[in-house]
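To start, the structure itself, in structure tokens.
The values are calculated or read from the model by the stated rules, or taken from the named source; none is laboratory data. Predicted model only: the values in this text are computed from it and were never measured. Reconstructed Cβ throughout: ideal geometry from the backbone, glycine too, with neighbour counts over all protein chains shown. The area values use the complete protein model at the heavy-atom level, side chains included, leaving out ligands, DNA and RNA. Shrake-Rupley method; radii C 1.70, N 1.55, O 1.52, S 1.80 Å.
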Amino acid sequence: MLRLRGITKRYGERQVLDDVSFDVAPGRLTGFVGGNGAGKTTTMRIVLGLLARDGGEVTLDGAPLTPEERRNFGYMPEERGLYPKMKVLDHIVYLARLHGFGRAEATRRATELLEQLGLAERLGDNVETLSLGNQQRAQIAASLVHEPRVLILDEPFSGLDPLAVETVASVLQQRAADGVSVLFSSHQLDVVERLCDDLVIIAGGTIRAAGGRDALREQHATNRYELVSDGDAGWLRAEPGVQVVDFAGGFAVFDVDSDDTAQRVLRKAVDLGAVASFAPQHPSLSQIFKEVIQ
Ligand code: ADP
């Protein structure tokens, strides 16, 4: 388990991280979400030891991180950094060899990884001839080729088309399933919501919410329901304890003051017509995000 506790960072007078604490568990994808300037990159660079912290602690399995362990981390920085004139396969083989693999093993790993990432046809091409999306896939291969225990990716999905998002996501999910701790930052809330097991929301250098995705959605659940029926749902407006939020024909979204009211509404809806669906609405990540960053 990678654990951050009470991390603080100042630039001059400016506090950019204030008491940042969260966990990145092995076997899970943790999404790190926040707007521009929220403190995501600063936090990641502190975890990697590329930036000094002013306070707090980063531990791995309960012990402070050693430089040796950090060298084994996989990192994809936001500023991409592959050599443009090098061939894609040669590049990833070269990086694997820097981590100590022999030529044959390095080539096997690099080829397999690039194939998984959908670059099988491009192994012999220079990095600079690849589209930006494909360069990003190669960059992800670079962060993974030494099979790190901890993987930290700064905006791995930005600039990828939907198909590439799926390819990269499945590679990351596979790594997580193999027991790797994966932390990735993103401002694409829909992607994070779909992929992540755990979420960390940061704003203004402080953690606003952290935990399991489903637990967070439940914590932030409101008493909001959606009804779809074949009748006219207008009667809901006059119903005690009900506040209609949205309404069109047989469709309505409404808040209730108690579970009893919800049950009463359901019984009445069934009496009045065929009910196609009646269900509580869980908030989307984007709704939770808006709520916690205020
Ligand atoms: P994010 O990755 O969430 O966009 P960053 O971690 O890059 O946010 O930045 C957090 C804050 O720290 C921002 O307000 C940014 O302007 C500030 N910052 C980052 N690097 C420096 C630096 N070298 N000097 C001064 N301020 C910095």
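Restricting segment 1-38 to residues that are open to solvent by less than 10 Å² (accessible area, probe 1.4 Å) and either modelled with pLDDT under 95 or within 17 Å of GLU155 (Cα to Cα) (or both), which is farthest from the ligand (Cβ to nearest atom)?
LEU29
Residues to consider are VAL165, VAL200; find the one that is closer than 21 Å to GLU79 by Cα and of a type in the set (A, V, I, L, M).
Details: VAL200 fails: closer than 21 Å to GLU79 by Cα.
Residue meeting the stated conditions: VAL165.
Under the condition of being under 24 Å from the mean Cα position of the chain (by Cα) and part of a loop (DSSP other than H, G, I, E, B), which residue from segment 94-130 is surrounded by the fewest Cβ atoms within 10 Å (Cβ to Cβ)?
Taking the candidates together, the pick is GLY118.
Being in the same structural domain as VAL58 (by TED's automatic domain parsing) and crowded, with 21+ Cβ neighbours inside 10 Å: is that true of LEU195 here?
Judged against the criteria, LEU195 is a match.
Return the residue satisfying two criteria in turn: it lies in segment 215-236 and is open to solvent by less than 50 Å² (accessible area, probe 1.4 Å) and farther than 30 Å from ASP271 by Cα, and of such residues it is modelled with the lowest pLDDT.
Among those residues, the one meeting the criterion is HIS220.
Check THR43 against each of (1) within 16 Å of the ligand (Cβ to nearest atom); (2) open to solvent by 20 Å² or more (accessible area, probe 1.4 Å); (3) of a type in the set (S, T, N, Q) and name the one condition it does not meet.
For THR43, the exception is condition (2).
Go over the candidates VAL145, VAL165, VAL182, VAL171 one by one and state the one that is within 19 Å of GLY212 (Cα to Cα), away from the ligand (no atom under 16 Å from the Cβ) and either crowded, with 23+ Cβ neighbours inside 10 Å or of a type in the set (A, V, I, L, M) (or both). I'd like the intermediate steps shown before the answer.
Working: VAL145 fails: within 19 Å of GLY212 (Cα to Cα); VAL165 fails: within 19 Å of GLY212 (Cα to Cα); VAL171 fails: within 19 Å of GLY212 (Cα to Cα).
Answer to the selection: VAL182.
Name every residue in segment 53-85 that is closer than 18 Å to ASP125 by Cα, open to solvent by 50 Å² or more (accessible area, probe 1.4 Å) and of a type outside the set (Lys, Arg), in order of residue number.
Listed by number, the residues that qualify are GLY81, TYR83, PRO84.
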